[in-house]
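One structure is given below, encoded as structure tokens.
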Amino acid sequence: CSGIHRNLSSRVKSIRLDFWEDELVEFMKSAGNAKARALYEKAIPPFFYRPQENDCNVLREQWIRAKYQRMEFSGETKYPPLSYTTGEIGCVFVCACVWGCRKPAGVNGISSKGPKAVISIKDLNATFQPQKIGHPHGLQISYQGDDHIRNLYVYHEGSEEIVSWYNAIRAARYAYLKTAYPTGSNEELVPKITRNYLKEGYMEKTGPLQKEAFKKRWFILDSENRKLLYLRDKLDAEELGVLFIGTESNGYSIKACAPKHARGNKWKCGIRVETPERQFVFMCEQEREQREWLDALRKVLCQSMSPQDHTGEEAGLNIQSSQIHGHWLLLDDSTACSLVLTPTQTFPRSKNL
């Protein structure tokens, strides 16, 4: 954060390494953090994401710029700012087949004038994934399709634009949650707006008989929904399968293991996941990765299950617009309930400035 402040020509000093003049100490006494927050954080919308220590650089940079440079939270500027409602975002899909039906094409390559898909805000999640996508502004958008969880991988060259989109999606999610849970407090609802995944990475997986050949898969642990998803590769549009992680009292367990009869596994650090229906065996390349996966899975295992989790277990066992690689993305602010992908600009309220 200090580097970002220096880029804004702010005066940055270390408490331990720098010399503090008397007048600067007196200034800090008269205008410390409490008074600064009263000015710069006077009116922060509940949905606006406050970056944490391990968040990517683009979130930290835009939080600092929004707070100190653009003064978005001082209460003097109408919120949301202009960048949330107008402008060209120009994101690019980096997955080959986003919707699982045909490869994205330019406007001239598609004759349909209707939206290619409508994404319900109800099951939408957005999380920054710069390393996985290979771009410092890479954003993963996931949602529940008819029978699969779908993933979109997008980025924008402008850091303010992509973070504005991220917070616009969060604003729509917050509006939905306030409607769906009218008695819920911000302390309860804000953590549910969007979420980062607890753990991601490659593991090898075998079949239910544990005699099938191991295959390398990309795994995502969604602790909020207690789901372990696996995909053929990290930028796939759909998952191959989903494993619900319940609690020990419901017949679930997580253990380290070393399978003896499986074929084709190149990695030797095993994990066994027991469910009421079957046993899953995964292999990690290194002991460090095995420990990290065991710790993450056991963290979910120890979480108490909510009524929504029990519903998920049963299911498991049984207006902002812009052009995206020849497509327009529209956030419908009239209902705050859908994100629309359309091959052409057909919405009268959308703009391309």
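The values are calculated or read from the model by the stated rules, or taken from the named source; none is laboratory data. Because the structure is a prediction, the values reported are computed rather than measured. Cβ placement follows ideal geometry from the backbone for every residue including glycine, while neighbour counts extend to all protein chains displayed. Please note that ligands, DNA and RNA were not included when accessible areas were found on the heavy atoms of the full protein model with its side chains. Shrake-Rupley method; radii C 1.70, N 1.55, O 1.52, S 1.80 Å.
Report whether or not residue 235 is open to solvent by less than 70 Å² (accessible area, probe 1.4 Å), within 30 Å of residue 174 (Cα to Cα) and assigned to a loop (DSSP other than H, G, I, E, B). Yes, satisfied. Restricting the first member to segment 7-29 and to residues that are surrounded by 12 or more Cβ atoms within 10 Å (Cβ to Cβ), and the second to residues that are of a type in the set (S, T, N, Q), the beta-carbon pairs closer than 8 Å and six or more apart or on different chains are 8/69; 12/2. A Cβ distance below 6 Å, combined with a sequence gap of six or more or placement on separate chains, defines the contacts here; from segment 209-229, residues that are open to solvent by 10 Å² or more (accessible area, probe 1.4 Å) reach residues that are acidic (Asp, Glu) and not in a strand (DSSP E or B) in the pairs 218/233; 229/239.
Condition first: closer than 20 Å to residue 200 by Cα, among the acidic types (Asp, Glu), touching a strand residue (DSSP E or B) at 6+ places or on another chain (Cβ under 7 Å) and part of a helix (DSSP H, G or I). Can you find one or more residues in segment 266-289 that meet it? Yes, some residue in segment 266-289 is closer than 20 Å to residue 200 by Cα, among the acidic types (Asp, Glu), touching a strand residue (DSSP E or B) at 6+ places or on another chain (Cβ under 7 Å) and part of a helix (DSSP H, G or I). The requirement of being in contact with a Leu (Cβ under 9 Å, 6 or more places away or on another chain) and open to solvent by 20 Å² or more (accessible area, probe 1.4 Å) is satisfied by residue 190. Scanning segment 39-54 for any residue that is over 22 Å from the mean Cα position of the chain (by Cα), at pLDDT 85 or above and either farther than 22 Å from residue 189 by Cβ or not in a loop (DSSP other than H, G, I, E, B) (or both) turns up at least one such residue. Annotation: of all residues in segment 16-38 being in a loop (DSSP other than H, G, I, E, B) and under 19 Å from residue 64 (Cβ atoms), the one that is nearest to the chain's Cα centre (by Cα) is 32. Quick one: which residue in 144, 140 is under 22 Å from residue 235 (Cβ atoms) and crowded, with 18+ Cβ neighbours inside 10 Å? Of the residues listed, the single one that is under 22 Å from residue 235 (Cβ atoms) and crowded, with 18+ Cβ neighbours inside 10 Å is 140.
Look at residue 81 and say whether it is out of contact with any strand residue (DSSP E or B) (no Cβ under 8 Å at 6 or more places or on another chain), open to solvent by less than 50 Å² (accessible area, probe 1.4 Å) and at pLDDT 50 or above.
yes
Put simply, of 296, 315 the only residue that is at pLDDT 75 or above and aliphatic (A, V, I, L, M) is 296. Here residue 108 meets each of (1) surrounded by 10 or more Cβ atoms within 10 Å (Cβ to Cβ); (2) farther than 30 Å from residue 191 by Cα; (3) modelled with pLDDT under 70 with one exception, condition (1).
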